[in-house]
Amino acid sequence: MADKFYITTPIYYVNARPHVGHAYTTLVCDAMARRKRMLGVDTFFLTGTDEHGQKIERSAADAGVTPRELTDRVSGEFRALWDRMKISYDDYIRTTEARHARGVQEMFRRIRDNGFIYKGSYTGQYCVYDELYVDAAGAGALCPECGRPTETVSEENYFFKLSAFEDKLLRLYTEQADFIRPETRRNEVITFVRSGLRDLSISRSSISWGIPVPDDPQHVIYVWLDALSNYCTALGFGSPEPKDQQRFARYWPADVHMIGKEIVRFHCVYWPAFLMAAKLPLPRSIIAHGWLLFEESKMSKSRGNIVHPQTVLDVLGNDALRYFLLREVVFGQDGGFSFDALVQRYNSDLANDLGNLASRTLTMIARYFRGEVPYPSSAATRTPADEAIARTAQETITAFGRLWDDYQFSRALEAAWGLVAAVNKYLVENSPWAVAEKGDDESRARLATILYTSAEALRVVTALVHPAIPEATARIWTQLGLGEIAQFRLSALQWGQLQLGTKLGPVEGVFPRADKSVIERMLEMERERSKPAAPPADTQAGQPATQAAVGLAPAAPAPTATATTESRISIDDFAKVEMRVGQIKVAEKVKGADKLLRLEVDIGTEVRQVVAGIAEAYAPETLIGRKVVVVVNLQARKLRGVESNGMIVAASVGEKGTPVLAGFLEDVPVGAKLK
Ligand code: MSP
């Protein structure tokens, strides 16, 4: 078994205040780190904030403060929230710290000295929101990642020879099969790299809020090279101090970089390439989780649909938020957040199931055995029901570990709650409260066995789920008379370790039931906390583009005026056109046709082949994964011998009718109908 475990969260941009989406990433890492520590593994858990770049520079200007003021304030807010959530981070890195700048410059120097950096000039599109250079798109084109308009950048830059790493990266993904998880993300990355890598601009001369390029301070280092390096600089990379160098040597490479699915490319393509170029070891795995949705779209500041973790902490507490997110979201997939579901989970799983098990068991031991864990009767007199609980507990220990180590947190917790349910049922069926009425020796022995069995099962569950819900479990542990739960070694956990005669601590309830009014209270608090949602400054509003379709027919010329009243169609006519959200899975040029691309588009019910006249505006590789609008009920036609089963909707812009694909600012499910 590995003797160390280094886990990181992404570092959070400080242009937005922390929301439940950020909290999710952080608490998953925290739960993983806690379990590793309980297993006795030397663990280092890093989080922090990403504070440079054009996006932050602009947010500060918009807020009328200096970048330094903005970053200090928001970074402090993130940290305060993590402290309130008892996040057990070992270090908190800020990219504006001197130790980080020194390390990033060292990274740049190493890559340059190894021959992977050259000077060139760049003219192309840049998405400030994603801090991403966007390939092969014309002026005004939308970012393929977020759909916002890109800006044209024309500068002399330093370039990183990313193209030199294509084969090495593909070999890495094959040889280290669990380098990227889950599998869907791995496949996306492989498709992206296979479609060819271009060299990457890694400096900017038109902005100043960043880390200067060594020996050429007119340029600042590209924010993603700066940000990704935090995983090394926080450990001491680039420091002359021996203790820093030792820490770096001890913990690098990272065992897990936990990220959201939208930043996979930066972590799985750019980051390993930078590290290879710097001749540094590569991380062991990059784990991408899905998004938390609120009101069915990705929770994010620009959409104005965020939930503040503080609201849940104020009303239901830290464990409620943690348990809900770990139990409700299937890790790796998108998951919805709702106050209704939160309260329901809290009441059923925490207040009812675990809370009741703890309070009944502990109260009865206090009452019938003066607060000391009783002796169970000899093996010969134990019933099959007693043995079944012991067996289930032992199986749960194994299953929980297996599922948790496979990032199936929800199923691991489900397994633990399976044990809770079994013990609650056992208590009902064996009615210790009725047995206690009898008072004869045999009944007393029976009572002792029942209460020992349920207390021991409670101990097992409490130890297992401590990394997920640390506060309540610490209290249950103390009530069981076992002291500090953090000192307990999970690797030794097995049935039967609860010592007879253990003196219980004072018994108190851990999860008071929540009534319906808490939902309204939380909604009210959210209303108070959220400023009125202003339309995001960076939407496409006001673009002079009109809707047209590209696909079977060449792009239609842009109409000069909207239809007159006479020529308008009825709603029934419109309803004949069936449009759905599709996601492009495959895109390639049609041989011998400059304008056409052959696309395979997932429309929810099937994958359709569509031929679209967009090849001059979009490079095929930029389209993979993109969500588009598809007219799905058109008759099939052949274009250049290739059958097309639908049409992709796009605006037709300018004199040449340049196609601009219609898309959505919110995340929409594939197959959703447009009407
Ligand atoms: N600064 C970059 C990361 C650099 S890492 C070297 C960044 N920051 S971010 O603040 O925009 O997002 C950071 C992380 O927050 C995401 O990767 C994701 O883990 C998490 N989330 C932000 N919104 C989220 C949801 N709505 N749902 C789940 N996670 C979300 O990207």
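Where a number appears in this text, it was derived from the coordinates with a stated rule and is not lab data. The structure presented is a predicted model; accordingly, all values stated were derived computationally and were not measured. With ideal geometry, Cβ positions are generated from the backbone for all residues, glycine too; neighbour counts draw on all protein chains shown.
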Test of understanding: what is the full-extension gain from ARG84 to SER443, defined as 0.36 nm times their sequence separation minus their Cα-Cα distance? 124.5 nm
12 Å cut-off, amide nitrogen to a point 7 angstrom out along LYS301 Cα→Cβ, residues in region 1-32: 12-19
Using alpha carbons only, how many degrees (0 to 90, rounded to 10) separate the axis of helix 166-175 from the longest principal axis of the chain? 20 degrees
Over all alpha-carbon pairs in region 570-675, figure out the percentage whose distance exceeds 17 Å. 51 percent
Report, in debye and to the nearest 20, how large the dipole of region 14-96 comes out about its Cα centre when Lys and Arg carry +1 and Asp and Glu carry -1 on their Cβ. 320 debye
Can you list the HN-Hα couplings for region 215-221, worked out from phi with the Karplus curve (6.51, -1.76, 1.60; θ = phi - 60°), rounded to whole Hz and with x for Gly and Pro? 6, 8, x, 5, 9, 10, 6
Output row, site LYS673, 7 Å Cα→C-beta label point, backbone N cut-off 17 Å, window region 567-584, residues 571-582
222 nm [θ] for the chain, helices only, -39500 (n - 2.57) per DSSP H run of 4+, per residue, to 500? -12000 deg cm²/dmol
List the extent of the Cα atoms of region 73-200 along each of their three principal axes, largest first, rounded to whole Å. 45, 38, 36
Which trypsin sites (Lys or Arg not before Pro) in region 247-279 pass both tests, a DSSP loop state and at most 14 other beta-carbon atoms within 10 Å? LYS279
Return the long-range amide H neighbours of ILE306 (sequence gap of 5 or more, or a different chain), with a cut-off of under 5 Å between placed amide H atoms. SER300
Helix 355-368 sits at what angle to the longest principal axis of the chain, using alpha carbons and giving 0 to 90 degrees rounded to 10? 10 degrees
Contact order relative to length for region 330-460, counting C-alpha pairs under 8 Å separated by 6 or more residues, stands in percent at 38 percent
Using a Förster distance of 45 Å, how high is the FRET efficiency between ARG198 and SER530, based on the Cβ-Cβ distance and rounded to 0.05? 0.65
Taking the convex hull of the alpha-carbon atoms of region 1-141 and averaging its shadow over every direction gives an area in square nanometres of 12.0 nm²
Only loop residues by DSSP count here, and only those with at most 13 other Cβ atoms within 10 Å; note down the trypsin sites (Lys or Arg not before Pro) in region 392-501 that meet that. ARG489
Place a +1 charge on the Cβ of each Lys and Arg in the chain and a -1 charge on the Cβ of each Asp and Glu, then give the dipole magnitude about the Cα centre in debye, rounded to the nearest 20. 640 debye
Nearest-ten-degree value, helix 517-529 long axis tilted from longest Cα axis of the chain: 40 degrees
Assuming 0.890 mPa s and 25 °C, estimate D for the chain with Stokes-Einstein, Rh taken as the Kirkwood radius over Cα pairs, in µm²/s. 88 µm²/s
Extension gain from ARG489 to ASP113, taking 0.36 nm per residue of separation minus the Cα-Cα distance: 130.7 nm
Would you mind listing how long region 200-348 runs along its three principal axes, going by Cα atoms, in whole Å with the largest first? 59, 38, 27
Rg [Å, one decimal], Dmax [Å, integer] - region 171-256, C-alpha atoms: 16.8, 43
Restrict the search to region 463-513; then list the GluC sites (Glu not before Pro) that DSSP places in a loop and that have at most 13 other Cβ atoms within 10 Å of their Cβ. GLU484, GLU508
Net charge dipole size for region 589-675 [Lys, Arg +1 and Asp, Glu -1 on Cβ; Debye, nearest 20]: 320 debye
Treating region 5-70 as a set of equal point scatterers at the Cα positions, no solvent, please give the Debye-formula log₁₀ I(q)/I(0) at q = 0.12, 0.17, 0.20 Å⁻¹. -0.42, -0.67, -0.79
What net charge do the residues around GLN479 carry, taking every other residue with its C-beta under 12 Å from that of GLN479, with Lys and Arg at +1 and Asp and Glu at -1? +2
Starting from 0.36 nm per residue, how many nanometres of slack lie between VAL41 and VAL428 once their C-alpha separation is accounted for? 135.4 nm
Roughly how large, in nm² to one decimal, is the mean projection of the convex hull of the alpha-carbon atoms in region 281-344? 5.9 nm²
Dividing the mean separation of Cα pairs under 8 Å (6+ apart) by the residue count of the chain yields a relative contact order in percent of 12 percent
Would you mind checking which residues have amide H under 5 Å from ASN157's amide H? H placed 1.01 Å from N; only 5 or more apart, or other chain. GLY120, SER121, TYR122
Would you kindly enumerate the cysteines in the chain that have no other Cys beta-carbon under 4.7 Å from their beta-carbon? CYS29, CYS146, CYS232, CYS268
